[in-house]
Amino acid sequence: MTEPILATHSLQKSFGALMATDDISIDLYPGEIHAVIGPNGAGKSTLIAQICGGLKPDAGRVELLGKDVTLTNTLTRAKAGIGRTFQISALAMEDTVLQNVLLGAVGDIGSPWRFLRPVLNDGSLRSKAADALKRVGLQDHAATRTSDLSHGQRRQLEVAVALTLKPKAFVMDEPMAGLGAEGSKTLTGFLDGLREEAPILLVEHDMDAVFALADRISVLVYGKIIETGTVDQIKSSKAVREAYLGGDA
Amino acid sequence: MIRERTLNGLVLVLLLAVPLWAMFNDQPFTITLATRAVIFALAAVGLNIALGLGGLVSLGHAAFFGIGGYAMGILAHHAQTYTPVMELPFLIEGTKSMPVIWLVAMVTSGIAAFLIGILSLRTAGVYFIMITLAFGQMFYFFSISWAAYGGEDGLLIYVRNDFPGLNTLVPINFFAICFTILCLVLLLNGLLARSPFGLALNAARQAPQRVQTVGLDPQRLKLVAFVISGVITGLAGALFADLNRFVSPTMFSWQMSGEIMIFIILGGNARLCGPVVGAVVFVMLEHFLGGLSEYWHIYLGALLLLVVFFARGGLVGLIAGREVAHD
């Protein structure tokens, strides 16, 4: 059987008396989009922080490509292949689109300690950046200041930055947040094609997007996964309807 | 609007032309003023690497300026009194050689910047400002209490130090040395800003989370920028001490740190020649308005207010407009 690219095993994290993640085991297989849904305060952000290295779990472990990475930090996990996008775009807004992607390319070579050669004169970095921009469809915006991009384009740019690092798995935190219906539809199509590049762990509130994209969905409520299954299984789950989607969903 | 690159060229040509004019018209004091502006500019170019590129609001850069100054003062003092700096565990003699003094100034201020940076960069925002200020003040009070090197009175150096092949007592020669160093450091700064390091540092200032998720350490980038910045400001301190042939605790004072920052704000934060323009304007105000009133800082304050409210990119931004993202 295929091994999961990314997996958590019985992750636990509490803040005082509050159990933010309680015994969470979740996995991500090649080519799939695994969505994590849940109401506000369910523990999604805490889960992502533990997967990406921003928070140390109290118990349990995180594995990337079968290797235990629980005790490593964000930097190491990024180098190991976790490509993360943020709920609120974390980009260098004063810089151009190309410069943001070049940052990913610099991260990929693993050393920013080059002081005298202009980054734009480095053919290998430029070609990596240009390739990533082309894959997300932003090649015509290379010289645009990032702050001038639309919200959806910023999402695409975040993915382009992650692509330069040749990620083994994407972890995306609410990529649809703030997008209109049209923008959400475009990004859904884009993410659908991206799964072949690397599987995606998708934390999302936009249920239309989740149902259109996800191969599997895990439902997180009060720090616990109450159900994992296909879109149809989740839609028909009584527990999920009661806890999250509402009785009529 | 003029392109920033053209403006930078014009500023440097003017800065060179004024002392040349002064030399032909026998105005040595004007050359000294221009040299003072160049040295201040150099100190601020140093800070601009930390502040403009790295977003590190250091209010303690006088520490490095003073360390550079005292490196010059101590080495030259021992050379002129024919006493060793230390004998044990190994002998260190004083020197009057500028290149050696610069090297010592840069190494010592670099080490200090590394140690201050490691501790200060654990904090951010107003705490970073306060910690750097505190370090600056520690050096200030230490120098006041350091009786062996003049304490509060400072150290007087009788003759300007030597540079191979040049008579440094001729004002235009010393100006040429300082101006050449400034141009080289500006060139370095320009290359640095466009290098992979500059790109990553600039991103670390704007979006540290993003830098981490591409596998780079924003704190380490900032620390290296802080050290480079301290080294350059330290070199400026050594030159400043040589210009005045005098070092005193004033070089360590928080007012000095504030002035270095004012040069940048006046000229334009993160603009290559912003610190140069700011330093030149400051020295001109100091000279012309200072001659009219000892309270000339009132006018400086008013100018600073105008720049902050109406020209956020400083005077360079006012003339050259919004910075073109690296072309």
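Comparing mean-square fluctuations of A:L165, A:L75, A:L187 from a GNM of chain A with C-alpha springs under 10 Å, the top value falls on A:L75. In straight-distance terms, cross-link reach from A:K13 covers every one of the aspartates and glutamates whose alpha-carbon lies under 15 Å from its own, apart from those fewer than eight places away in the same chain; here that gives A:D22, A:D23, A:D58. For chain A, the longest principal axis of the C-alpha atoms and the axis of helix A:123-136 are separated by about 40°. Among B:L166, B:L42, B:L201, the largest mean-square fluctuation in a Gaussian network model of chain B (Cα springs under 10 Å) belongs to B:L166. Placing +1 on the Cβ of every Lys and Arg and -1 on the Cβ of every Asp and Glu, with no other charges, gives the stretch A:84-208 a dipole of roughly 560 debye about its Cα centre. Measuring between alpha carbons in the structure, the pairs from A:K44/A:K67; A:K44/A:K168; A:K79/A:K185; B:K96/B:K222 lying more than 27 angstrom apart are A:K79/A:K185; B:K96/B:K222.
Once you treat every alpha carbon in the stretch A:96-166 as an equal point and sum by Debye, what is log10 I(q)/I(0) at q = 0.15, 0.18, 0.26 Å⁻¹? Normalising to I(0) and taking log10 leaves -0.42, -0.60, -1.15. Once you treat every alpha carbon in the stretch B:54-195 as an equal point and sum by Debye, what is log10 I(q)/I(0) at q = 0.10 Å⁻¹? At q = 0.10 Å⁻¹ the computed log10 ratios are -0.44. Annotation: amide H-H contacts under 5 Å for A:V221 (H modelled 1.01 Å from N, sequence separation of 5 or more, or interchain): A:I226. Taking every Cα-Cα distance in the stretch A:60-134 and sorting them into 5 Å bins from zero, the calculated P(r) comes out as 3, 12, 20, 21, 18, 13, 8, 4, 1, 0 percent. The translational diffusion coefficient of the stretch A:2-148, from Stokes-Einstein at 4 °C and 1.567 mPa s with a Kirkwood hydrodynamic radius over alpha carbon pairs, comes to 74 µm²/s. Partners of A:K238 within straight-line reach, counting aspartates and glutamates whose Cα lies under 14 Å from its Cα and excluding those fewer than 8 residues away in the same chain: A:E227, A:D248.
Taking amide H as placed 1.01 Å from N in the peptide plane, the amide H of A:T96 sits under 5 Å from that of A:T146, each at least 5 places away or on another chain. The mean of 1/r over all distinct Cα pairs in chain B, once inverted, gives the Kirkwood hydrodynamic radius of 20.1 Å.
What are the equivalent ellipsoid semi-axes of the stretch B:1-48, built from the alpha-carbon gyration tensor (square roots of five times its eigenvalues), in whole angstrom, biggest first?
22, 16, 5
Mind putting a number on the dipole of the stretch A:96-166 about its Cα centre? Charges go on the C-beta only, +1 for Lys and Arg and -1 for Asp and Glu, and I need it in Debye to the nearest 20. In debye, rounded to 20, the stretch A:96-166 gives about 80. With all pairs of separate Cα atoms included, the protein assembly as shown yields a Kirkwood hydrodynamic radius of 26.5 Å.
Other chains' Cβ within 10 Å of B:188-201 residues: what's the mean?
Average neighbour count from other chains, rounded to a whole number: 6.
Partner shielding of A:104-111 amounts to 5, given as the average count of beta-carbon atoms from other chains within 10 Å of each residue beta-carbon.
In chain A, Rg over Rh equals 0.98, where Rg is the alpha-carbon radius of gyration and Rh the Kirkwood radius from pairwise Cα distances. Compute log10 of I(q)/I(0) for the stretch A:37-83 with the Debye formula, placing one identical point scatterer on every Cα and leaving out solvent, at q = 0.13, 0.22 Å⁻¹, to two decimals. Each listed q maps to, in turn, -0.29, -0.74.
Dipole magnitude for chain B: computed about the Cα centre from +1 point charges on Lys and Arg Cβ and -1 point charges on Asp and Glu Cβ, it is near 980 debye. Here the Karplus relation 6.51 cos²θ - 1.76 cosθ + 1.60, evaluated at θ = phi - 60°, turns the backbone of the stretch B:183-192 into coupling constants of 4, 5, 5, 5, 4, 4, 4, x, 5, 4 Hz, with x for every Gly and Pro.
Bear in mind these aren't lab numbers, they're just calculated from the coordinates by the rules spelled out. Keep in mind the model is a prediction, meaning the values are calculated, not measured. With ideal geometry, Cβ positions are generated from the backbone for all residues, glycine too; neighbour counts draw on all protein chains shown.
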